[in-house]
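Input: a single structure, listed below in structure tokens.
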Amino acid sequence: MKFYSTNNHDLSVDFQSAVFNSMPLDKGLYMPAEIPVLDADFLQNLDQYTLPEIAYKIASVLLHEDIPAADLKALIDDAINFEAPVVKLNEDTYVLELFHGPSLAFKDFGARFMSRIMAYFLKDGEQLLDVLVATSGDTGGAVALGFLGVPNTRVTILYPKGKVSEIQELQLCSNGQNIRAIEIDGTFDDCQALVKQAFADESLNRQLRLTSANSINISRLIPQTFYYFNAVAQLYRAGKREVVFSVPSGNFGNIAAGLLAYKMGLPVKQFIAATNANDTVPRFLETGVYETRPSVQTYANAMDVGAPSNWVRIMELFSQDREKLKEMVKSYRYTDAQTVEAISAIHEQFNYVACPHTAIAWLAVKEYQLHYPSAEDTFVFLSTAHACKFPDVFSEEIFAKIQSPEQVEELKRRGKSATAMQVDFEAFKTFLLTSAAQ
Ligand SMILES: *Cc1c(COP(=O)(O)O)cnc(C)c1O
């Protein structure tokens, strides 16, 4: 498959360079040159396939020219080795749990697939790939655990001291092997600035092969299509056909993958993009004016994005036609107060504990049902993270119901190991270079 830039349709690069460069020089985003539609037989019989089988089918339709079949199959089986169940809450409402991977958030799908794609393209004996990531919490954990033990790669994570949750910090700092964490005495922006400076530093780039595990990398988008098809497969088994997905959205990568899946033939009736107070997209769909704003802090902090970077991909999928897009995507926004109420309501009605991001997706289902009532519809809202990652938003009663998965206990046993550092580029550079020589 060739990839073009959303800023230049004449650009054409192969998959490998789209993956290692993350972003074209013109600052657009890579998109597949063609969007293949899956064959009708496969789509009608989705219920006969497992998640790894579905994942392999989709990946091979997109990437068969780039990776031989047997290699792609092995790569998928290694990357997509956890479940994505749809859990029934009532007759027409299901929650798609995407938090059964190692970092307990849906970003594991993208991070695990990307790490293995990168490792695959690194030829034997090639220089070690140095992955640098600045994180405010969730992304760093998924990237760290995605690359853990992947040969010929090494990850350095920078995170702001005292500004990530305990579980998030342990996910960054307890890995060992090829993962190192640096605790920066500063903010997330300071961490990001250090990483950016490293990419711009000539002598560093001469000595190390640096890459970013950026969230807009096309190899993170592709694996996020897998679980939409797999969710429909599970609903087919339950006799459900008219599916509406509600997606808690921040950078809009998750829903962009859903819409890519739709263009590849996913049988789906409707998407709902649910946001918190960072409501650039719902405002755009209402008014036609795309106006980004500085992000506002909320309880659903992984969705605190004022300028969603994947939005250009979605516009591209709909050929810049806002009217067509509005038919397929509804969008609603919620406050922190509504989010907290929704967590209680979900707990009361279904005896289910949802993280704040997940609760927002459920609110959007309720709102859609009011506007477009239909007895035929089945609603699936995406649960993007395990509730145990956000302990501060729950009442004591609900918090007591959260069962931490086994890997959290394991993290606590292992404890934290990080290098403390001031916001000091020379110190960071020395760290990278001296550890390179070992
Ligand atoms: C990253 C993230 C989101 C937002 O996903 P986008 O693809 O950026 O829209 C939602 N919930 C959780 C828990 C996340 O980590």
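Laboratory data are not the source of any read-out in this text; all were calculated from the coordinates shown. Just so it is clear, the structure is predicted and the values come from calculations on it, not from any experiment. Note that each Cβ is placed from the backbone with ideal geometry, even for glycine, and that neighbours are counted across all protein chains shown.
Structure above, values below:
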| item | result |
| --- | --- |
| Residue 21-residue 397 FRET efficiency (beta carbon distance; Förster radius 51 Å; 0.05 resolution) | 0.55 |
| Selection from 315, 99, 6 lying farthest towards where the dipole of the chain points positive, charges on Cβ | 6 |
| Charged-residue dipole, Cβ positions (Lys, Arg, Asp, Glu), the chain about Cα centre, Debye nearest 20 | 320 debye |
| Average silhouette area of region 98-197, convex hull of alpha-carbon atoms, in square nanometres | 6.2 nm² |
| Extension reserve of the residue 425-residue 41 stretch, reckoned as 0.36 nm per residue once the Cα distance is removed | 132.7 nm |
| Rough spin-label spacing in nm, given labels placed 7 Å along Cα→Cβ, for residue 409 and residue 351 | 2.3 nm |
| Using θ = phi - 60° and Karplus 6.51 cos²θ - 1.76 cosθ + 1.60, couplings along region 352-368 (whole Hz; Gly, Pro as x) | 10, 9, 10, 6, x, 5, 5, 4, 5, 5, 5, 4, 5, 4, 4, 5, 4 |
| Intensity falloff of region 282-346 expressed as log10 I(q)/I(0), Debye formula with alpha-carbon point scatterers, at q = 0.26 Å⁻¹ | -1.19 |
| Cβ crowding within 10 Å averaged over residues, with 112-120, 419-427, 80-88 ranked highest first | 112-120, 80-88, 419-427 |
| Helix-derived mean residue ellipticity, 222 nm - over the chain, DSSP H n ≥ 4, -39500 (n - 2.57), to 500 | -13000 deg cm²/dmol |
| 12 Å beta-carbon shell around residue 197, net charge (K/R +1, D/E -1) | -3 |
| From phi via Karplus (6.51, -1.76, 1.60), per-residue ³J(HN,Hα) for region 208-221 in Hz, x at Gly/Pro | 10, 9, 8, 8, 10, 9, 5, 6, 8, 4, 4, 6, 8, 6 |
| Summed side-chain charge close to residue 166 - residues other than residue 166 whose Cβ falls under 11 Å, Lys, Arg +1, Asp, Glu -1 | +1 |
| Rounded, prolate or oblate (a/c below 1.5 giving rounded, otherwise prolate when a/b exceeds b/c) for region 251-388 by Cα gyration tensor | oblate |
| Amide H contacts under 5 Å for residue 246, placed H, 5+ residues apart | 272, 380, 381, 382 |
| Mean Cβ count within 10 Å, highest first, over the residues of peptides 164-170, 21-27, 251-257 | 251-257, 164-170, 21-27 |
| Sorted largest first, extent of region 237-287 alpha carbons per principal axis (Å) | 37, 20, 19 |
| Hz values of 3J(HN,Hα) by residue in region 52-57 - Karplus curve (6.51, -1.76, 1.60), Gly and Pro given as x | x, 5, 5, 4, 5, 4 |
| Farthest positive-ward along region 276-399 dipole, Cα basis, beta-carbon charges - from 354, 297, 394 | 297 |
| Charge sum, other residues only, whose C-beta stays under 15 Å from residue 210's C-beta, Lys/Arg counted +1 and Asp/Glu -1 | +2 |
| FRET efficiency, 1/(1 + (r/R0)^6) with R0 25 Å, evaluated for residue 287 and residue 372 via beta carbons | 0.75 |
| Amide hydrogen neighbours beyond the local backbone of residue 93, cut-off 5 Å, H modeled | 379 |
| Electrostatic dipole magnitude of region 1-135 [Cβ: Lys, Arg +1; Asp, Glu -1; Cα centre; debye, to 20] | 340 debye |
| 5 angstrom amide H check on residue 153, placed H, neighbours 5+ away | 129 |
| Residue-span extension gain [residue 207 to residue 321] - 0.36 nm each, minus C-alpha spacing | 36.4 nm |
| Ratio Rg/Rh [Cα only; Rh per Kirkwood] for the chain | 0.95 |
| Whole-number D in µm²/s for region 1-154 (Stokes-Einstein; Kirkwood sum over Cα pairs; 37 °C, 0.692 mPa s) | 189 µm²/s |
| Rounded to 5, the percent of DSSP beta bridges in the chain classed as antiparallel | 20 percent |
| Net charge dipole size for region 162-277 [Lys, Arg +1 and Asp, Glu -1 on Cβ; Debye, nearest 20] | 820 debye |
| Charge dipole of the chain about the Cα centre (unit charges at C-beta), most positive-ward option of 40, 50, 213 | 213 |
